[in-house]
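Since the structure comes first, as structure tokens, the remarks are kept for the end.
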Amino acid sequence: MAHSVRQTKRSLRINPIAHGLVWVYAALLIIPLYFLVISAFKPNSAIFTMPFAPPTTWNFDNFVQAWGQVQLGDGLISSALVTVIAEALTVALAIPASYAIARSRGRVGAVVEKFFAAGLLIPGLAALVPTVLLSIAMGLFHTREFLYLFYPASVLPLSVIMLTQFMRTVPPELEESAMMDGASRLRIVVSVYVPIITPGIATVAILNFLSFWNEYLFALILAGPDPDIRTVQVALPSLVSQTNTQYGVLLAGALITMIPVSIVYIILNRRLEDALLQGAVKS
């Protein structure tokens, strides 16, 4: 009884500190976002003289200028194409690979899993020069098509490792029952495993979407600065001028590029929470 009383008193002392740290962390997230939103509606003078004050007029001139000045519309379309195709290829390759590793009982599966895990240790910049040489050799340098292939390759190690852990939570009895009913391996993966590991697939999809959508260096070098094929992250820095940068226009463009990410997160957020809760219960 005395021990429980001491624990209660200790938790009462810790709770205010924990709540305070949570509010500090929330402020660190909200304040920059607030500054970004209000500054997107301001001219340069107001951004520097009244940085945290709301704009006097809520007009969309900065958004119109950002959209037309660097062809953000074309950049959004290009980024959407690259992201969706790369996302589809990643999931299509990662699901069967993770299934094979999760259900392997021999040494080969362990070796293959370690092979994918080793891919996490390779720095992205270390692969830059070989990747450029490969794209030139394939005749795909400064094309979107090479990004369709490169982006899935860059995230497959993490995607396979994560999905393998989710695959291992599926009871083997479900697979055995499906095989007794005459289901093929492909049917088992599609009809048994995929519905159960949907939260894991959503988690991988969100992480990959953020990686593909926000990637800048490889998109700039491999796809190039051509306005017809460059991604939105490559187009956005074109708003920066060495002499007279309109920061309101720049922040308006940044806000536009955040909209697709926010929409995808809102759609898949529930699945991500389910995945986190499953991990908490299993731990």
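The values are calculated or read from the model by the stated rules, or taken from the named source; none is laboratory data. Keep in mind the model is a prediction, meaning the values are calculated, not measured. Backbone-built Cβ (ideal geometry, glycine too); neighbour counts: all protein chains shown.
Considering only residues of the range 212-245 that are assigned to a loop (DSSP other than H, G, I, E, B) and surrounded by 19 or more Cβ atoms within 10 Å (Cβ to Cβ), which is farthest from the chain's Cα centre (by Cα)?
Initially, the range 212-245 is screened for residues assigned to a loop (DSSP other than H, G, I, E, B), giving 215-216, 224-231, 240-245.
Within this subset, residues satisfying the condition of being surrounded by 19 or more Cβ atoms within 10 Å (Cβ to Cβ) are 215, 229-231.
Working: E215: 10, I229: 21, R230: 19, T231: 15 Å.
Looking at the filtered set, the residue picked out is I229.
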### Task
Return a yes/no flag: does the range 56-76 have any residue that is closer than 27 Å to A202 by Cβ and assigned by TED's automatic domain parsing to the domain that holds I206.
yes
### Message
If I ask for residues that are surrounded by 15 or more Cβ atoms within 10 Å (Cβ to Cβ) and not hydrophobic (A, V, I, L, M, F, W, C), which ones from the range 97-138 would you list?
### Response
S98, Y99, R103, S104, G109, E113, G119, T131, S135
### Task
For the range 50-71, enumerate the residues that are touching a helix residue (DSSP H, G or I) at 6+ places or on another chain (Cβ under 6 Å) and aliphatic (A, V, I, L, M).
A66, V70
## Note on the structure
Those residues of the range 126-148 which are within 27 Å of S98 (Cβ to Cβ) and touching a residue at least 60 places away in the same chain (Cβ under 8 Å) amount to T131, F146, L147, Y148
### Query
Which is modelled with pLDDT of 90 or more, assigned to a loop (DSSP other than H, G, I, E, B) and not small (G, A, S), of P96, P55?
P55
#### Entry: Output for the range 196-211, where each listed residue is free of Cβ contacts under 8 Å to residues at least 60 places away in the same chain and outside any loop (DSSP other than H, G, I, E, B)
I196, L207, L210
### Query
Can you tell me which of V160, V189, V132 is at pLDDT 90 or above and in contact with a Pro (Cβ under 7 Å, 6 or more places away or on another chain)?
V189
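Kindly evaluate A202 against the criterion of being under 25 Å from the mean Cα position of the chain (by Cα), of a type outside the set (S, T, Y) and buried (at least 21 other Cβ atoms within 10 Å of the Cβ).
Values: under 25 Å from the mean Cα position of the chain (by Cα): yes; of a type outside the set (S, T, Y): yes; buried (at least 21 other Cβ atoms within 10 Å of the Cβ): no.
For A202, the condition - under 25 Å from the mean Cα position of the chain (by Cα), of a type outside the set (S, T, Y) and buried (at least 21 other Cβ atoms within 10 Å of the Cβ) - is not met.
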### Task
Determine which single condition T243 fails, assuming it passes every other condition in (1) of a type in the set (V, I, T); (2) in contact with a Lys or Arg (Cβ under 8 Å, 6 or more places away or on another chain); (3) more than 23 Å from Y148 (Cβ to Cβ).
(2)
